[in-house]
Amino acid sequence: MADVTQLLIAWADGNREALDQIVPIVHAELRRLARRYMNAERSGHTLQTSALVNEAYLRLVDARVHWQSRAHFFGISARLMRQILIDYARARGGYKRGAQANAVPLNEAMARGARLDDDLIAVDEALLRLAQMDERKAQVVELRFFGGLTEAEIAELLKVSEETVRRDWRLAKAWLRRELDTGTP
């Protein structure tokens, strides 16, 4: 079987056979990423892993991106899945705040779910603030935490050393921890 990077490049160049070969690989990797995301979500989440995979897959197929490597592809995939979950959490938040007229009884499971949705949104907002200050550190967090990429893959994708990735990861984690604990920059 051909290298994933070669298949991605061939697919971007319009090679239908490359697409046929890469679909099972991509689907398996997207399911792995989706399971990782969904495991971090509250129990009883109404968005299913397969729905997340399908939505990400549709967005990826429609994307007009010149894929550079496997790491680039899965980094974009991680970003898409994160955005889908954020959109979903925000939509649920609108529902809970009264965008719909139906009364919903408050119980412990719902309170926990609302808190996790809020936490996901808070992390997303903090990452956006970090990106305004230092785009690369935000990318490292997204690729490592959300995408599950290794330090070597991130270094290759961002064209920096692995030591730079490790340093960015440490500094970004400390900054995010402080930001999320205090709620202020």
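Specify the residue that is surrounded by the fewest Cβ atoms within 10 Å (Cβ to Cβ); the eligible residues are those in region 115-135 that are in contact with a helix residue (DSSP H, G or I) (Cβ under 6 Å, 6 or more places away or on another chain) and over 18 Å from TYR88 (Cβ atoms).
ALA131
Working only within region 50-96, note down all residues that are over 27 Å from GLY14 (Cβ atoms) and aromatic (Phe, Trp, Tyr).
Answer for region 50-96, where residues must be over 27 Å from GLY14 (Cβ atoms) and aromatic (Phe, Trp, Tyr): TYR88, TYR95.
I'd like the full set of residues that are assigned to a helix (DSSP H, G or I), surrounded by fewer than 20 Cβ atoms within 10 Å (Cβ to Cβ) and in contact (Cβ under 8 Å) with a residue 24 or more places away in the chain, limited to region 136-156.
Listed by number, the residues that qualify are ARG136, GLU156.
Find all pairs meeting these conditions: Cβ atoms under 8 angstrom apart; at least six residues apart or on different chains; first residue within region 52-68 and more than 19 Å from VAL4 (Cβ to Cβ) and crowded, with 16+ Cβ neighbours inside 10 Å; second residue at pLDDT below 75 and of a type outside the set (Phe, Trp, Tyr).
Pairs that qualify, where the first residue is more than 19 Å from VAL4 (Cβ to Cβ) and crowded, with 16+ Cβ neighbours inside 10 Å and the partner is at pLDDT below 75 and of a type outside the set (Phe, Trp, Tyr), are LEU52/MET38.
How about region 50-64: which of its residues are modelled with pLDDT of 75 or more and not small (Gly, Ala, Ser)?
LEU52, VAL53, ASN54, GLU55, TYR57, LEU58, ARG59, LEU60
Quick one: how many residues across region 100-144 are modelled with pLDDT under 75 and within 19 Å of LEU171 (Cβ to Cβ)?
Result for region 100-144: 0.
The values are calculated or read from the model by the stated rules, or taken from the named source; none is laboratory data. As the structure is a prediction and not an experimental result, all values here were calculated from the model. Please note: Cβ atoms are built from the backbone with ideal geometry, for glycine as well, and neighbour counts cover all protein chains shown.
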